[in-house]
Amino acid sequence: MVSPELVACAIALRFASGDPNPLGPCLGGGEADGTSCVMGKGEIAVLMVISAAFVTACSGAPAAQPSPTQLATSSPSSAPVSVTASPTAGSGIRYVAIGASDSVGVGATDPTNGSWPALVAARLPTGSPPYVNLGVSGSLALQAVTQQLPGAIAQKPSLVSVWLAVNDLNATIEPASFADALGQIVDDLVQKTGATIFVGNVPDLRAVPVYAGVDKARLLAGIQAYNDVIAGIAARNPGRVKVVDLFTGSAALVSSGTVSPDGFHPSDEGYRLIADRFVSAMRASGVALRA
């Protein structure tokens with residue numbers, strides 16, 4: 001079976017070689033009936049941004065590594081994982097973040113301390129152990145199943161954040177395939193840890209500069225399909241899994257002042273606003289975070 005990394009590399013190298021339609025389906029998953037279509041100039045512009053990263057990765061560079069803010073984790077054991085208590089007032093919180101380049105802090109002035117998981121961790125109650133950031137730049141949800149999930153389970157967390165969607169959306173991963181991968185991550189965390197899990201959905205990306213030339217109706221349809229998937233996964237375990245709504249009222253998240261100069265990743269202000277969304281959702285669910 002071909003790995004997702006090889007698929008991503010193949011796509012990037014086909015694009016770099018001049019293939020006018022390296023993916024086949026349009027951004028957001030193609031037409032509603034499942035047929036493929038020719039990408040427009042705007043969609044190609046978006047894929048140029050994404051493909052550049054993959055071309056670099058495919059040129060002999062080492063495989064993507066977790067965020068430099070990650071703490072050392074033990075290898076996952078085949079033995080049953082003990083269940084820890086959910087985060088409650090008056091107790092320390094063991095927090096683990098699963099994600100992609102936004103979790104790493106790409107676009108922040110100080111990625112180590114300025115990513116949104118780092119800003120959430122700064123509000124953990126006194127006595128909490130150092131948080132663990134497992135984010136990997138460029139990660140798809142399927143890659144996170146093997147690259148991040150085992151480490152998260154091994155940490156025996158009481159609080160987990162998961163934000164994996166935009167890379168899958170950009171790579172035109174079908175919503176059903178995205179659902180399988182994200183569902184495995186969330187369901188395994190529910191079954192093998194005692195954590196409360198907060199899953200971010202997809203903001204309204206239409207105003208983000210890198211999507212300027214993309215068909216806005218198709219992009220919105222893809223975002224809505226992914227957000228429906230995320231809501232459905234959370235609904236399977238509503239007591240343990242919470243959706244962090246980054247879509248509703250997301251204009252502030254994608255304004256010129258909250259997007260970094262690369263036109264795609266959040267700026268320092270953008271990361272602060274994203275962290276605020278996660279913190280608000282966590283507090284509403286009883287997680288005792290400091291002001």
Subset of the stretch 206-235 [more than 16 Å from the chain's Cα centre (by Cα), buried (at least 22 other Cβ atoms within 10 Å of the Cβ) and within 22 Å of SER177 (Cα to Cα)]: LEU219
Residue match in the stretch 201-213 (condition: of a type in the set (Lys, Arg) and over 21 Å from ALA100 (Cβ atoms)): no
Condition check for ARG290: modelled with pLDDT under 95 and of a type in the set (D, E, K, R): yes
Condition broken by SER103, with the remaining ones in (1) part of a helix (DSSP H, G or I); (2) of a type in the set (Ser, Thr, Tyr); (3) in contact with a Leu (Cβ under 6 Å, 6 or more places away or on another chain) satisfied: (3)
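Per-residue answers, yes or no, for (1) crowded, with 22+ Cβ neighbours inside 10 Å; (2) of a type in the set (Phe, Trp, Tyr):
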site	(1), (2)
TRP163	yes, yes
ASP180	no, no
VAL186	yes, no
LYS192	no, no
ALA195	yes, no
ASP204	no, no
ASN237	no, no
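Residue-wise test of (1) surrounded by fewer than 20 Cβ atoms within 10 Å (Cβ to Cβ); (2) of a type outside the set (D, E, K, R); (3) modelled with pLDDT under 95; (4) over 15 Å from LEU189 (Cα atoms).
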position	(1), (2), (3), (4)
SER115	no, yes, no, yes
ALA122	yes, yes, no, yes
THR126	yes, yes, yes, yes
TYR131	no, yes, no, yes
LEU140	no, yes, no, yes
THR146	yes, yes, no, no
LEU149	no, yes, no, no
Checklist (1) within 15 Å of the chain's Cα centre (by Cα); (2) closer than 19 Å to VAL241 by Cβ applied to GLN191, failing item: (1)
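Across the stretch 255-272, which residue is farthest from the chain's Cα centre (by Cα) among those that are open to solvent by 40 Å² or more (accessible area, probe 1.4 Å) and under 21 Å from SER137 (Cα atoms)? Write out each step before concluding.
Step one: filter the stretch 255-272 for residues open to solvent by 40 Å² or more (accessible area, probe 1.4 Å), giving 255-257, 261-262, 264, 268-269, 272.
Within this subset, residues satisfying the condition of being under 21 Å from SER137 (Cα atoms) are 261-262, 264, 268-269, 272.
Values: PRO261: 20, ASP262: 18, PHE264: 14, ASP268: 18, GLU269: 18, ARG272: 16 Å.
Only one residue fits best here, namely PRO261.
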Filter pass, ALA252 being open to solvent by less than 60 Å² (accessible area, probe 1.4 Å), in contact with a Ser or Thr (Cβ under 9 Å, 6 or more places away or on another chain) and not aromatic (Phe, Trp, Tyr): yes
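The values are calculated or read from the model by the stated rules, or taken from the named source; none is laboratory data. Worth saying up front: this structure is predicted, and the values here are computed from it rather than measured. Note: ideal-geometry Cβ built from the backbone for every residue, glycine included; neighbour counts use all protein chains shown. In case anyone asks, the SASA skips ligands and DNA or RNA and just uses the protein heavy atoms, side chains included. Shrake-Rupley method; radii C 1.70, N 1.55, O 1.52, S 1.80 Å.
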